[in-house]
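Enquirer: Okay, handing you the structure first.
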Amino acid sequence: MALRVYGHFASQPARAVLWMLKLKEVPHQFEKIEPLNGGTRTPEYASKFPTRQVPAIDDAGFRLAEASAIMKYIALKHGFEDMYPAGFGDQALIDYYLSWHHLNTRDCTRKVFKHVMVHTFFDKPWPEEDVAKGQASVARTMASLEECFLYHDGDGDAFIHGRSQPSIADLLCYAEIGQLLLVDLLDLSATPKVAAWAQRMEQLPMYEDVHRTSRKLSAMFKDKRGAAYSP
Ligand SMILES: N[C@@H](CCC(=O)N[C@@H](CS)C(=O)NCC(=O)O)C(=O)O
């Protein structure tokens with residue numbers, strides 16, 4: 001049985017998993033689950049994945065959730081050392097970013113992008129002050145990202161921790177940042193290394209394929225904001 005992947009292209013961690021599978025040409029069957037419509041809360045889904053979130057996978061009966069765990073599993077299973085290196089030191093550096101990600105870069109969604117979704121799909125007023133606070137917090141996170149993980153000064157073509165190819169850390173990181181760039185709610189002018197890295201990520205294969213839903217969401221959001229929209 002093919003690897004089944006449960007998710008939605010609007011979900012940041014699911015997008016990272018799907019981008020990895022497409023980049024590395026891993027055969028899989030995509031099962032669309034809509035988190036916004038309670039798709040992760042059905043008894044059937046909860047019985048398979050008790051943490052009730054996407055992404056999740058079923059690999060011939062082996063079930064797993066949490067994007068970073070899934071991505072490590074896929075990398076280790078297939079020997080994708082560019083995605084998750086074999087050496088314990090290099091691996092630990094990727095893990096360092098992955099641990100940091102959850103309470104830092106993930107705030108792009110928790111503190112800013114969630115307002116885009118709520119405003120677009122639940123007809124709530126645009127919370128100007130909350131968004132401004134969220135953006136200020138994300139700007140601090142971007143400065144830390146630049147200082148701690150995109151610190152390389154070499155020829156400027158490196159990825160997280162100066163690696164020459166993107167790893168699972170880059171895919172998870174970009175899934176948070178790219179969606180804010182598409183809705184013009186993230187200004188990277190104070191963090192040029194993050195800005196240059198984001199552009200490199202956008203040149204990777206399958207970028208357009210994986211970001212089709214994000215582009216649609218961005219258009220819907222901008223329509224909704226209408227004349228009031230001024231990034
Ligand atoms: N820590 C998890 C986060 C997963 C997550 O937040 N999933 C959201 C969609 S982006 C979800 O399934 N939400 C539905 C719910 O919590 O009911 C990961 O990295 O995979």
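None of the figures in this text is laboratory data; all of them are computed from the coordinates on show. Everything numeric here is computed off the predicted structure, so don't read it as measured data. Please note: Cβ atoms are built from the backbone with ideal geometry, for glycine as well, and neighbour counts cover all protein chains shown.
Enquirer: Taking chymotrypsin sites (Phe, Trp or Tyr not before Pro) as candidate sites, keep only those in a DSSP loop with at most 16 other Cβ atoms within 10 Å, then name the longest stretch of the chain containing none of them.
Expert: Here the longest run is 1-150.
Enquirer: Moving on to the next point. Pairs of Cα atoms under 8 Å, at least six residues apart: use those to get the relative contact order of the chain, whole percent.
Expert: Reported relative contact order: 21 percent.
Enquirer: Please give the FRET efficiency for His152 paired with Ser99, using the beta carbon to beta carbon distance and R0 = 22 Å, rounded to the nearest 0.05. Write out the running numbers ahead of the final one.
Expert: On the way: r = 20 Å, r/R0 = 0.92.
Once rounded, the FRET efficiency stands at 0.60.
Enquirer: Pick out which of Thr141, Thr40, Thr51 has the largest mean-square fluctuation in a Gaussian network model of the chain, springs linking Cα atoms closer than 10 Å.
Expert: Looking only at Thr141, Thr40, Thr51, the biggest GNM fluctuation is shown by Thr51.
Enquirer: Hey, which of these cross-link pairs are over 22 Å Cα-Cα: Lys32/Lys133; Lys32/Lys222; Lys72/Lys133; Lys111/Lys222; Lys22/Lys77?
Expert: Lys32/Lys133; Lys32/Lys222; Lys72/Lys133
Enquirer: Just to check I understand the Karplus step: with θ = phi - 60° and J = 6.51 cos²θ - 1.76 cosθ + 1.60, what whole-Hz values come out for the stretch 37-47, glycine and proline as x?
Expert: Calculated HN-Hα couplings, in order: 9, x, x, 8, 9, 5, x, 5, 5, 4, 5 Hz.
Enquirer: Express in nm, to one decimal, how much length is gained between Gln29 and Leu204 on full extension, taking 0.36 nm for each residue of separation and deducting their alpha carbon distance. Can you show the working numbers first?
Expert: Values: separation 175, 0.36 × 175 = 63.00 nm, distance 2.21 nm.
Contour length minus the Cα-Cα distance gives 60.8 nm.
Enquirer: Then there is this: What percentages, rounded to whole numbers, describe P(r) for the chain computed over all alpha carbon pairs with 10 Å bin width beginning at zero?
Expert: In whole percents, the pair-distance histogram is 7, 32, 37, 20, 4, 0.
Enquirer: To continue, here is another question. Ala2 to Lys48: FRET efficiency via 1/(1 + (r/R0)^6), r the Cβ-Cβ distance, R0 22 Å, to the nearest 0.05?
Expert: According to the calculation, E is roughly 0.85.
Enquirer: Please order Glu34, Glu176 by the number of other Cβ within 10 Å, starting at the fewest.
Expert: Glu34, Glu176
Enquirer: Please say if the stretch 3-78 is rounded, prolate or oblate, where rounded means a/c under 1.5 for a ≥ b ≥ c the square roots of the C-alpha gyration tensor eigenvalues, and otherwise the choice is prolate for a/b larger than b/c and oblate otherwise?
Expert: prolate
Enquirer: Using a/c under 1.5 as the rounded threshold, could you call the stretch 17-61 rounded, prolate or oblate? The axes a ≥ b ≥ c are square roots of the C-alpha gyration tensor eigenvalues, and prolate needs a/b larger than b/c, oblate otherwise.
Expert: Numbers: a/c = 2.81, a/b = 1.77, b/c = 1.58.
Since a/c reaches 1.5 and a/b is larger than b/c, the shape of the stretch 17-61 is classed as prolate.
Enquirer: Mind running the shape call on the stretch 98-231? Use the C-alpha gyration tensor, a ≥ b ≥ c as the square roots of the eigenvalues: rounded below 1.5 for a/c, prolate if a/b tops b/c, oblate otherwise.
Expert: It is prolate, given that a/c is not under 1.5 and a/b is the larger ratio.
Enquirer: To the nearest 0.05, what FRET efficiency results for Thr213 and Phe88 with a Förster distance of 45 Å applied to their C-beta separation?
Expert: Numbers: r = 37 Å, r/R0 = 0.82.
Efficiency at R0 = 45 Å is approximately 0.75.
Enquirer: Listing His152, His161, His102 from the residue with the fewest other Cβ atoms within 10 Å to the one with the most, what is the order?
Expert: Placing the least packed residue first, the sequence is His102, His152, His161.
Enquirer: Of all DSSP beta bridges in the chain, what percent run antiparallel (nearest 5)?
Expert: Around 60 percent of the beta bridges assigned by DSSP in the chain are antiparallel ones.
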